[in-house]
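To keep things clear, I will list the structure first and then write my remarks on it.
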Amino acid sequence: MAEQDRHDGLHARGLALRPSFGSALLRSAWPLLACIAFAVLLQLGIRPYLEVFHAKMLLDIGTSIILAVSLTMVNGFTGQFSIGHAAFMAVGAYVSAAIVYYGSFRLFGNADLHGGLLSGMIDHAEGTPILRWADLLFVASLLTGGILAAACGYVVGLPSLRLRGDYLAIVTLGFGEIVRVLIQSQTEEVLWDPEKIAATPMYLWPKYTGGALGFSGLPFYSSLFWAALFAALTMLVAIRLKYSSTGRAFLAIREDEIAAEAMGVPTTKYKVRAFVIAAFFAGIAGGIFAHTTGVQLNPGELGFMKSFDILIMVVLGGLGSISGAALAAAILTILPEMLRTPHTVWPWGLVAGAVLAIALAPFAQKRWKPALTIALVLGGWELMRWFAGATVVNLGVVRFEKAVIDLSSYRMVIYALALILIMIVRPEGLLGVREIWELRPVRSRKAVRR
Amino acid sequence: MTSPTASPSAPPVLNIDHLSIAFGGLRAVTDFSLKLPRNRLHGLIGPNGAGKTTVFNLLTGVYRPTTGTIDLERRSLLGMRPSERARAGLARTFQNIRLFPELSVLDNVRIACHLRTRHTLAGTLWRSALSRGEESAILERSRELLDVLGLLHRERDVAKNLPYGDQRRLEIARALATNPRILLLDEPAAGMNPQEKLGLRTMIRGIRDRFDLTILLIEHDMGVVMGLCERITVLDHGVTITEGTPEEVQKNPKVIEAYLGEPVATGGAHA
């Protein structure tokens, strides 16, 4: 039996139970290939048929998912309250931007988009290859940004993760502001003269990032491919973490730090690990954000408001739920845009709501509850739309004119109200600590237990 | 497997030598020495405030002793973090149950297996062959432990939903999962009814034999201590009054005095 050879017992048994190299490789690699295939399909197969506005929204959703899911690893898995996630995003964004912008000048003499079909949100010229060398520059910049953000995560995390709760929150908040102010206080303008750039050594690039004016003129490399690829990779890493021995050690820290330590989990080390992984992906999200069409990289956008946006996604999705965080990231990215033009999107909101209601009903303890909630939401939505819509209302006999309210100017108020409403109805977040694939219809769950 | 009483010449598993700790002027524990040979079931008793829990906290690394040494199989535990002590082979349960409440029974035990794995973080993320193999080994071992403690049928339940007695047993299963040499039990019988206490005695002896363990327990319940432990140390005001077999301890006038004439019940009776 395994208990004879004490300390190596489990490891030895693990070696014995190890699957063959080939089967392990296959099972480890296929999700990665699936991620790539999904991202390619989205960019090459679906994007050409989408309106620019909708494609851009999908790209934003991808970035939000990376941010929310990576923060889930810290706030959801290890239960540490970090509210400076945008700082890591800012580090990644500026590093990536500097590398792509000045690197493009060095390599191509200008900062235009030189990518292949998988980069950018535009229709490329006939005969453009799928990938070009410029794409390699972009990926390298993303990874460098991620690694530097992770390094910042290590430097910040190592001393501060000994703190708990409110204290850690204050430290991370402070760090976020330091990063923002440091970027903002740069006084040098972005260089645009190729000769000057050629004369500037690489280590001085971070100096010329525009400060408070923002870093303008970046080529828009970000595409559905890159966003979807890294969003899928982030989720894959999070899922593989959660369902693993290491990930369970993370969860143990959230559940009871003292007990986790007594059971042999080096808590500080593991908290730092979670922090570093999360910072890495936040840095990548920053790089993608910096090169998104229509974004003018500005430190003001990456302050604590952004951190709170990410935090809200994590809390709303359910602390610890990967799919919940992704779902909340999608909803909270779409919602403000939908509220901008409420009368153009309503039928789809209605359809999506009805589908969601039908899909959720079997999973609830009281079946009528989600249906009722969604009916209420839709009713409210329709009422809003009605207020904002036609100026003349014809109710058969009675016919009166009503005041037109420009809903788009109240959209942030409605957004905030929606958040409050959701937190009242479901304080544990959309999915609680569970995942979408862990939901079971209520009746069969009872049948399994008895 | 039986529990052979180790020969006197064998080195002790746990060797505590002249352990003292003072909080400011208060000397909570003074000159506490204890040698536990392999497979010993040792009890630590004393009236409230005697310093039992302080000794436990010194052993598990919550406090640093002012003087003295703690050696586990000749390795000094001083200066180690609690997680390093667990790795060295010291496992514990908690007086006020500290499970991972929102996680499943199975996950509670699996977490404690983690410290014996060797695959890296990269191996985890890539799902290397070794990580898959060790993951299977963890599952196998956790199920085995849950089976021994009679909790296998509840493996999918969330830990906080278990009844009290099951939670206590789950804590022991979790401690065993770290594959310890010595197990520290902090009032395992607290809150149990007489029937459960009887079961507990059989179970503790059973796991000692099965897992070749050395066990040190703190307990208020005299029935459990006297019926279970081979030797007992009595503390009062941080000082060791006596050490001996249950019979010797019960007859010792100092012990009776320490408990202020409170009758010390014999085995089987409840507190």
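Quick grid of which residues meet (1) away from chain A (no Cβ under 14 Å); (2) assigned to a helix (DSSP H, G or I):
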position	(1), (2)
B:ARG132	no, yes
B:ASP166	yes, yes
B:ALA173	no, yes
B:LEU184	no, no
B:ALA189	yes, no
B:LYS197	yes, yes
B:GLY206	no, yes
B:LEU216	yes, no
B:VAL224	yes, yes
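Picking from residues in region B:70-96 that are part of a strand (DSSP E or B) and under 24 Å from B:GLU187 (Cα atoms), the one that is nearest to the other protein chains (Cβ to nearest Cβ) is B:ARG92.
Within region B:99-126, the set of residues being assigned to a loop (DSSP other than H, G, I, E, B) and buried (at least 20 other Cβ atoms within 10 Å of the Cβ) comprises B:LEU99, B:PHE100, B:LEU103, B:THR117, B:HIS119. Sort out which residues of region A:109-133 are of a type in the set (A, V, I, L, M, F, W, C) and out of contact with any helix residue (DSSP H, G or I) (no Cβ under 7 Å at 6 or more places or on another chain), and write them in order of number. The answer is A:LEU113, A:ILE122, A:ALA125, A:ILE130, A:LEU131, A:TRP133. Are any residues in region A:204-241 of a type in the set (Lys, Arg) and at pLDDT 95 or above, and if so, which ones? A:ARG240 - this is the single residue of region A:204-241 that is of a type in the set (Lys, Arg) and at pLDDT 95 or above. From the set of residues in region B:134-156 that are within 7 Å of chain A (Cβ to nearest Cβ) and not charged (D, E, K, R), which is surrounded by the most Cβ atoms within 10 Å (Cβ to Cβ)? Only one residue fits best here, namely B:ILE138. The number of residues in region B:102-130 that are more than 7 Å from chain A (Cβ to nearest Cβ), in contact with a Leu (Cβ under 8 Å, 6 or more places away or on another chain) and polar (S, T, N, Q) comes to 1.
Taking the numbered list (1) buried (at least 21 other Cβ atoms within 10 Å of the Cβ); (2) of a type outside the set (Val, Ile, Thr); (3) under 26 Å from B:LEU59 (Cβ atoms) in turn, B:GLY165 passes all entries but (1). With the structure loaded, tell me whether A:PHE215 is aromatic (Phe, Trp, Tyr), under 29 Å from A:MET121 (Cα atoms) and over 17 Å from the mean Cα position of the chain (by Cα) or whether it fails that test. Judged against the criteria, A:PHE215 is a match. Please tell me if B:LEU44 is farther than 18 Å from B:ALA173 by Cα, of a type in the set (A, V, I, L, M, F, W, C) and not in a loop (DSSP other than H, G, I, E, B). Spelling it out, B:LEU44 is indeed farther than 18 Å from B:ALA173 by Cα, of a type in the set (A, V, I, L, M, F, W, C) and not in a loop (DSSP other than H, G, I, E, B). For region A:334-344, state whether one or more residues are at pLDDT 85 or above and out of contact with any strand residue (DSSP E or B) (no Cβ under 8 Å at 6 or more places or on another chain). Scanning region A:334-344 turns up at least one residue that is at pLDDT 85 or above and out of contact with any strand residue (DSSP E or B) (no Cβ under 8 Å at 6 or more places or on another chain). With respect to the conditions (1) surrounded by 24 or more Cβ atoms within 10 Å (Cβ to Cβ); (2) within 14 Å of chain B (Cβ to nearest Cβ); (3) hydrophobic (A, V, I, L, M, F, W, C); (4) out of contact with any Ser or Thr (no Cβ under 7 Å at 6 or more places or on another chain), A:ILE258 lacks only one, and its number is (1). Just checking, which of A:LEU229, A:LEU204, A:LEU218 is farther than 30 Å from B:SER104 by Cβ, away from chain B (no Cβ under 14 Å), without any contact (Cβ under 8 Å) to a residue 60 or more places away in the chain and of a type in the set (A, V, I, L, M)? Matching residue, one of A:LEU229, A:LEU204, A:LEU218: A:LEU204.
I'd like to check something: does region A:238-255 contain any residue that is more than 10 Å from chain B (Cβ to nearest Cβ), under 23 Å from A:MET121 (Cβ atoms) and of a type in the set (Val, Ile, Thr)? No, every residue in region A:238-255 fails to be more than 10 Å from chain B (Cβ to nearest Cβ), under 23 Å from A:MET121 (Cβ atoms) and of a type in the set (Val, Ile, Thr). The set of residues in region B:192-218 being acidic (Asp, Glu) and touching a Leu at 6+ places or on another chain (Cβ under 8 Å) is empty.
For region B:139-183, the set of residues classified as free of Cβ contacts under 8 Å to residues at least 60 places away in the same chain and in contact with a Cys (Cβ under 7 Å, 6 or more places away or on another chain) consists of B:ARG141, B:SER142, listed by residue number.
When B:THR60 is tested against (1) more than 12 Å from every other protein chain (Cβ to nearest Cβ); (2) closer than 21 Å to B:ARG208 by Cβ, just one condition goes unmet, and that condition is (1). Take the conditions (1) surrounded by 19 or more Cβ atoms within 10 Å (Cβ to Cβ); (2) over 25 Å from B:ARG75 (Cβ atoms); B:LEU184 misses just one of them, which is (2).
Per the listing A:GLU189, A:GLU195, the residue uniquely acidic (Asp, Glu), closer than 20 Å to A:ASN110 by Cβ and assigned to a helix (DSSP H, G or I) is A:GLU195.
Residues in region B:229-248 that are crowded, with 20+ Cβ neighbours inside 10 Å, in contact with a Leu (Cβ under 6 Å, 6 or more places away or on another chain) and not hydroxyl-bearing (Ser, Thr, Tyr): B:CYS229 only.
The values are calculated or read from the model by the stated rules, or taken from the named source; none is laboratory data. Not measured: the values here are computed from a predicted model. Every residue, glycine as well, gets a Cβ built from its backbone with ideal geometry; the counts of neighbours run over all protein chains shown.
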